[in-house]
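Have a look at the structure below, then the notes.
Coordinate-derived values only; no laboratory data. All values derive from a computational prediction rather than experimental measurement. Virtual Cβ from ideal backbone geometry, glycine too; neighbours counted across all protein chains shown.
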Amino acid sequence: MEHAATCERAKNQGKLADPTNARFSGAGRNVIADQHLHLERGPYSPDNYPVSWLEQYLEKAKEAGVQRLGVVEHAYRFVEARGLLPGAWSAERCLYRIDPYVAFAERVKARHLPVSFGLEMDFISGQEESIGRFLSIYPWDFVLGSVHFVDGVGVDLELDRPNAVSMGHERLWRRYFELSREAVRSGLFDVLTHPDLPKIFGQPAPDFAQAEYERTATALAEADMALECNTAGLRKPVGEIYPVPAYLAAAQAAGVPVSLGSDAHEPENVGRNFADAIALLRSVQYGSAVHFVGRCRISSPL
Ligand SMILES: [Zn+2]
Ligand SMILES: [Zn+2]
């Protein structure tokens, strides 16, 4: 796996910050990490990310009992990702150059704040090579792999709901699982995010989903990739954590590591509902969660 090689290289070159170093809070104790945060609604110009905005996230993290953050801007915001995603919705949003985000990551790292930087990258079947090129712009700490689009339909987009309906409930879900496994096998990502996203508007997965959870869990284990437990679903019409307990249980049984994410787009949602997520993870026998530094996975007890 390319990730493992990168991780080994970082270790060999001594470039990997020691996660037990006191600079990273959590030394000698459990690290609860929120590995899915977006800064994009901040009061910044796209060419100048203020550290003060991130400090508001760190402040909220402290209140929420979260010791480490993982920032992942949406890849579709960047001009360098133009053409990777389908549809007018995406095309309208590729507005900002990635350099200021990279410069921001460097500034924050120089201050030794407990923050990892990455991207939330859409998986689009057939675009693997271009996605790989885009991701290689910067040595990210981690990359989240997200299936938001199924055959051109944005499954979490209100404006695409009529298209999702005409695709048919069962077909949408079946394709979602197929594309999830393609994303996993692409070797491009560290984590599969919000893995049962099509339930977002309140329609539960069809009966055949159990077999799909197990198949996807096996693919994740084979790819040595993590699954995300994402609390944003609690703030959506479905009112549930992603994914359902049965999906997490299948992943746990297959030995798949899990990461925690709030998918916060503003400071007040950092670590939101993590007590519920941790209780859910423990209920399916997860005893630890992971976070990432330099594409290396670091496990902490829950
Ligand atoms: Zn997402
Ligand atoms: Zn997100």
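What the table shows:
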| read-out | value |
| --- | --- |
| Average Cα contact separation per residue, the range 67-167, under 8 Å, 6 or more apart, as relative contact order % | 29 |
| Dipole magnitude of the range 117-171 about its Cα centre (Cβ charges: Lys, Arg +1; Asp, Glu -1), debye to nearest 20 | 60 |
| Extension gain from residue 128 to residue 166, taking 0.36 nm per residue of separation minus the Cα-Cα distance | 10.9 nm |
| Sorted by Cβ density within 10 Å, fewest first, the residues 200, 137 | 137, 200 |
| Top positive-direction residue, dipole computed over the chain with Cβ charges, set 294, 271, 219 | 294 |
| Ranked 62, 199, 236, criterion: other C-beta atoms within 10 Å, fewest first | 62, 236, 199 |
| About the Cα centre, charge dipole magnitude for the range 196-287 (Lys/Arg +1, Asp/Glu -1 at Cβ), debye | 180 |
| In Hz, Karplus ³J(HN,Hα) per residue of the range 99-115 (6.51, -1.76, 1.60; θ = phi - 60°; x = Gly, Pro) | 3, x, 5, 4, 4, 4, 4, 5, 4, 5, 4, 5, 8, 6, 7, x, 9 |
| Within the chain, helix-based [θ] at 222 nm, where runs of 4 or more DSSP H residues each add -39,500 (n - 2.57), nearest 500 | -11000 deg cm²/dmol |
| Rh by Kirkwood over Cα pairs, then Stokes-Einstein D for the chain at 1.567 mPa s and 4 °C, µm²/s | 67 |
| Top of 250, 105, 279 by mean-square fluctuation, Gaussian network on the chain, Cα under 10 Å | 279 |
| Pairwise centroid distance, computed over Cα atoms, of the range 242-302 with the range 142-202, Å | 19 |
| Percentage relative contact order, the range 30-301, counting C-alpha pairs under 8 Å, at least six apart | 21 |
| Sites residue 89 and residue 288, calculated FRET efficiency, Cβ-Cβ separation with R0 45 Å, nearest 0.05 | 0.75 |
| Likely footprinting exposure, 231, 218, fewest C-beta neighbours within 10 Å first | 218, 231 |
| Label-point gap, in nm, between residue 201 and residue 99 - each point 7 angstrom along Cα→Cβ | 4.1 |
| Positive-end residue of 112, 198, 131, charge dipole of the range 99-198 with Cβ unit charges | 112 |
